[in-house]
Amino acid sequence: MRWERGSAAVLALAAACSTTAGADAREVTLTMHWSRFDKAVVEVPRGVPVRFVYVNDDPIAHEVLVGDEAFHQRHETGAETHHGARPNETEVPSGSTVTTTLTFDQPGEVYFACHVPGHYAYGMKGTVRVV
């Protein structure tokens, strides 16, 4: 997966990444409301930059973390408790909109989720299907 930093502090996937030009990016909007995402599955093309727009309509902060199952297991168990500047780990303050751009080089599925305590178990997660 390749990426470009958006308008917030974001984190990168542990896989091989490189910077991309965001001008040709397709766009996917994920809205957070009542500690849920408005989509359970998003489909994106392989090898094309995709601009993710995260809209947080809740009165609390959320995060959107994108990665494989092992990545999410580390975050859910607390093995990675701090987010730095990685575009696939985006902090989304309450009432805000944040963007990041990701390019998925391999077809298949990765997952997005919020790992604020209790949110993942509550069902704040979904699938990115790369075709």
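The values are calculated or read from the model by the stated rules, or taken from the named source; none is laboratory data. Keep in mind that this is a model prediction, so the values were computed, not measured. A quick note on method: Cβ atoms are made from the backbone with ideal geometry, for glycine too, and the neighbour counts reach across all protein chains shown. Keep in mind that these areas ignore ligands, DNA and RNA; they rest on the heavy atoms of the full protein, side chains included. Shrake-Rupley method; radii C 1.70, N 1.55, O 1.52, S 1.80 Å.
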Figure the gain on full extension for residue 74 and residue 129 (residue separation times 0.36 nm, minus the Cα-Cα span) and round it to one decimal in nm. 17.7 nm
Length-normalised contact order for the stretch 26-112 - Cα pairs under 8 Å, 6+ apart - percent: 37
Under 5 Å between amide hydrogens, which residues at least 5 positions from residue 62 or on another chain qualify, with H placed 1.01 Å from N in the peptide plane? 92, 94
How far apart, in nm, are two points set 7 Å out from the Cα along the Cα-to-Cβ line at residue 85 and at residue 38? 3.1
Across the stretch 117-127, in residue order, what do the Karplus-derived ³J(HN,Hα) couplings come to in whole Hz, using 6.51 cos²θ - 1.76 cosθ + 1.60 with θ = phi - 60° and x for Gly and Pro? x, x, 6, 4, 4, 6, x, 7, 7, x, 10
Taking 8 Å as the Cα distance limit and 6 or more residues as the minimum spacing, I'd like the relative contact order of the stretch 91-130 as a percentage. 40
Note to self: with every protein chain in place and a 1.4 Å probe, the stretch 80-131 gives an accessible area per residue in Å² of 44
Hz values of 3J(HN,Hα) by residue in the stretch 35-41 - Karplus curve (6.51, -1.76, 1.60), Gly and Pro given as x: 6, 9, 8, 7, 10, 9, 9
